[in-house]
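A quick write-up on the structure given underneath.
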């Protein structure tokens, strides 16, 4: 039993995403996006130091030399964690990300949009993106979609993640989860290898560089269904992000590829519920109809939002349309809606 377990045992792991432990401060947990004190007792430098030594005795010297270290910690009675220990000024800190085994259903995330998201899981090939800012629930939405496939189809799924946030149990699918830095060097190297491992579906935790985007597009072109994320808000911004990752001389070629193999974009944010407990995902959904494919191919991105607004019969909606639905249903407050609009400085 690790020394930190006495503290961890006092925390409800089901309701939080992260635990923060810093010398001289009370321990805190992140719940519904907010940091909340676990108790009022500051933790001394010596105790945090003991926690780190106890958790990774074989790597403690590396921590002392480099000032930071990543590792995993598992306790069957408490939970699974991805941990980063770090030095800050004259103190030490620990952040523990809770790795969930209880994966929500798509309908748990968004009942109103569940049927559209399920259609993405029925595709045979192409690229599906889930985008949004940090902490917007992208990984949870991806996990729910992968688990929907796991429950309904016989497929080989390879995931590349940094870190692994949900553990999938084998149901109908064979699922191989690989962690960047542990099982493979990078997203690009893991993705290259995945193409030689007979996958039906590839889930990339993030498309963070040009090389990864290139290989992901190639995978989508060669009969694989690829799910991934981008850290930006809005379907059009996602298209710009991909195109602008390439030199101007290659952008026309990438537009043609993207127009042919991008199947859709889900762009989401999390907002606090009216009742004060939990958060709800508001989603922009773009489905690549023939018209939108033509706009991407021709580079007429500024017209895409109009087609999303008019595409409700296909299941499309802007983020503003979904936000207004959530306000009208009483799920989120007008104040929460207004705050989001003001902070994002966009007309919705």
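Worth a mention:
- Segment 275-290, residues that are farther than 17 Å from residue 111 by Cα and modelled with pLDDT under 95: 275, 276, 277
- Residue 124, sole failed condition from (1) assigned by TED's automatic domain parsing to the domain that holds residue 227; (2) touching a residue at least 60 places away in the same chain (Cβ under 8 Å); (3) not in a loop (DSSP other than H, G, I, E, B): (3)
- Some residue of segment 262-285 being in a helix (DSSP H, G or I) and surrounded by 13 or more Cβ atoms within 10 Å (Cβ to Cβ): no
- Residue in segment 82-90 that is more than 30 Å from residue 316 (Cα to Cα), at pLDDT below 90 and more than 29 Å from the chain's Cα centre (by Cα) present: yes
- Looking across 152, 141, 159, one residue alone is in the same structural domain as residue 219 (by TED's automatic domain parsing), closer than 22 Å to residue 73 by Cβ and touching a helix residue (DSSP H, G or I) at 6+ places or on another chain (Cβ under 9 Å). It is 159.
- Any hit, segment 32-42, residues being touching a helix residue (DSSP H, G or I) at 6+ places or on another chain (Cβ under 9 Å) and surrounded by 15 or more Cβ atoms within 10 Å (Cβ to Cβ): yes
- Failed item, numbered, when residue 164 is tested on (1) within 19 Å of the chain's Cα centre (by Cα); (2) in the same structural domain as residue 221 (by TED's automatic domain parsing); (3) surrounded by fewer than 20 Cβ atoms within 10 Å (Cβ to Cβ): (3)
- Checked against the criterion of being in a loop (DSSP other than H, G, I, E, B), at pLDDT 95 or above and under 18 Å from residue 229 (Cα atoms), segment 128-143 contains one or more residues that satisfy it.
- The numbered conditions (1) part of a loop (DSSP other than H, G, I, E, B); (2) surrounded by 22 or more Cβ atoms within 10 Å (Cβ to Cβ) are all true for residue 171 except (2).
- Only one entry of 99, 103 meets the criterion of being under 28 Å from residue 277 (Cα atoms), at pLDDT below 95 and assigned to a loop (DSSP other than H, G, I, E, B), and that entry is 103.
- Count of segment 318-337 residues which are touching a residue at least 40 places away in the same chain (Cβ under 8 Å) and either within 24 Å of residue 243 (Cα to Cα) or part of a helix (DSSP H, G or I) (or both): 7
- Taking the listed residues 123, 127, the one that is buried (at least 23 other Cβ atoms within 10 Å of the Cβ) and touching a strand residue (DSSP E or B) at 6+ places or on another chain (Cβ under 7 Å) is 127, with no other qualifying.
The values are calculated or read from the model by the stated rules, or taken from the named source; none is laboratory data. What you see is a predicted model, and the numbers here were worked out from it, not measured in a lab. Counting neighbours? That spans all protein chains shown, and the Cβs are built from the backbone with ideal geometry, glycine included.
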